[in-house]
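For reference, the structure is listed below as structure tokens.
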């Protein structure tokens with residue numbers, strides 16, 4: 001498998017699982033505008049009455065941080081006649097802000113981003129001529145359609161711009177913004193060609209939490225109900241849309257686990273990091289959170305360190321018995337008291353697997 005491929009393949013879950021601060025679309029576009037990247041004309045509203053007189057069709061875009069806005073009816077085309085009514089419908093769906101944006105005549109759509117490849121510990125430019133679509137799906141089915149370049153001492157903006165057939169200044173500007181605002185991710189999807197201009201039709205930006213003392217953005221905690229419960233319990237959880245629950249310790253390990261499950265054809269339901277000092281109580285709480293979405297199976301991937309594997313195993317067994325969990329559970333653990341944990345699990349008919357790859361393959365087989 002190509003070096004770094006797993007990180008590239010599912011980089012969307014990677015940045016969703018980031019602990020950084022996510023900006024709303026309009027905030028990202030303000031940054032683009034202030035730094036010389038063109039955006040469509042738009043204005044922000046917090047009530048339907050604020051809609052101004054419109055010229056032609058517009059797009060109403062709910063300003064929320066979770067994905068799937070289109071499927072949820074939170075992005076809609078509107079006219080002067082129906083814009084207010086459609087805005088009213090959106091506000092009834094727990095939406096606080098709507099970006100009203102001119103509808104543009106798009107000639108071509110691209111994908112452009114800079115993110116962190118955590119495997120290589122480098123910033124990475126990513127580009128595709130197929131923008132405006134689910135980039136994760138494109139990466140999975142057609143990885144060669146996504147170009148990637150590490151932004152190191154060997155990187156040449158001029159050479160890269162010529163190869164990608166986009167302006168050199170755009171690459172340089174995106175990297176400048178990435179560094180200036182201490183970002184973990186800056187993404188334009190789609191970057192569109194309108195007449196002779198390139199416009200950022202959407203924005204996705206994540207600011208490194210460690211830099212918030214100098215980046216004065218207003219924090220917005222738009223979390224799902226499960227994510228709020230996880231935060232209160234001191235756990236790092238991100239809700240996704242699959243049917244295989246994932247629990248691990250350490251963000252990097254959990255991200256790799258998500259990648260591996262997807263590699264074998266599974267769809268993950270969540271990202272859940274119990275942290276380095278996981279114990280019996282944290283495991284039980286993690287299972288409680290994962291089970292809310294009623295997954296068809298659970299894969300637990302624990303790499304010991306200060307975590308006692310037998311405590312993790314006992315927490316799993318106790319919770320499974322108390323709540324009569326009958327879905328398949330696969331666990332891979334390495335670390336302190338590993339053999340004791342293995343014995344506890346095997347006595348209770350839990351699948352104990354020796355490697356992450358085998359575990360991912362096993363849970364996908366059991367769920368299917």
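Working note: Debye formula, equal point scatterers on the alpha-carbon atoms of region 146-261, no solvent; log10 I(q)/I(0) at q = 0.13 Å⁻¹ is -0.79.
Starting from the Cα gyration tensor of region 123-209, take the square roots of the eigenvalues, sort them a ≥ b ≥ c, and report rounded, prolate or oblate (rounded when a/c is under 1.5, otherwise prolate if a/b is larger than b/c, else oblate). Rounded is the answer for region 123-209, as its axis ratio a/c remains below 1.5. Evaluated over the Cα positions of region 225-367, the convex hull gives a direction-averaged projected area, one quarter of its surface, of 7.0 nm².
Compared with the dominant principal axis of the Cα atoms in the chain, helix 168-180 is inclined by about 50°.
Remark: the residue 322-residue 121 segment gains 68.1 nm on full extension, using 0.36 nm per residue and subtracting the alpha carbon distance. At q = 0.19, 0.23, 0.27, 0.29 Å⁻¹, work out log10 I(q)/I(0) for region 41-102 with the Debye formula, treating every Cα as an identical point scatterer and leaving solvent out; two decimals please. Those come out to -0.59, -0.87, -1.22, -1.41, one per q.
P(r) for the chain, from all Cα pairs and a bin width of 10 Å, is 5, 22, 29, 24, 14, 5, 1, 0 %, short bins first.
Distance between the pseudo-spin-label points of residue 43 and residue 288 (7 Å out from Cα toward the beta carbon): 4.8 nm. Taking 269, 341, 200 in turn, the Gaussian network model of the chain (Cα-Cα springs below 10 Å) assigns the largest fluctuation to 341. At full extension, residue 346 and residue 358 could sit 2.7 nm farther apart than now, given 0.36 nm per residue minus the alpha carbon distance.
With respect to the chain, whose longest principal axis is taken over its alpha-carbon atoms, helix 251-263 is tilted by about 90°. Report the calculated FRET efficiency for residue 212 and residue 54 (r = Cβ-Cβ distance, R0 = 35 Å), to the nearest 0.05. Approximately 0.45, to the nearest 0.05. Rg of the Cα atoms in region 95-163, relative to 2.2 N^0.38 Å, amounts to 1.39. When the Gaussian network model of the chain links Cα atoms closer than 10 Å, the mean-square fluctuations of 103, 92, 293 top out at 92. Angle, helix 338-347 long axis vs. longest principal axis of the chain, Cα atoms, 0 to 90°, nearest 10? Relative to the chain, helix 338-347 is tipped by roughly 80 degrees. For the chain, adding -39500 (n - 2.57) for each run of n ≥ 4 DSSP H residues and dividing by the number of residues yields -10000 deg cm²/dmol at 222 nm. On the beta carbon distance between residue 163 and residue 281, with R0 = 51 Å, the FRET formula returns roughly 0.45. Highest mean packing first, where packing is the average number of other Cβ atoms within 10 Å per residue, the peptides 146-156, 60-70, 256-266 line up as 256-266, 60-70, 146-156.
Any read-out appearing in this document is the output of simple, stated calculations on the displayed coordinates, not a laboratory observation. Since the structure is predicted, the reported quantities are computational estimates derived from the model, not experimental observations. Note: ideal-geometry Cβ built from the backbone for every residue, glycine included; neighbour counts use all protein chains shown.
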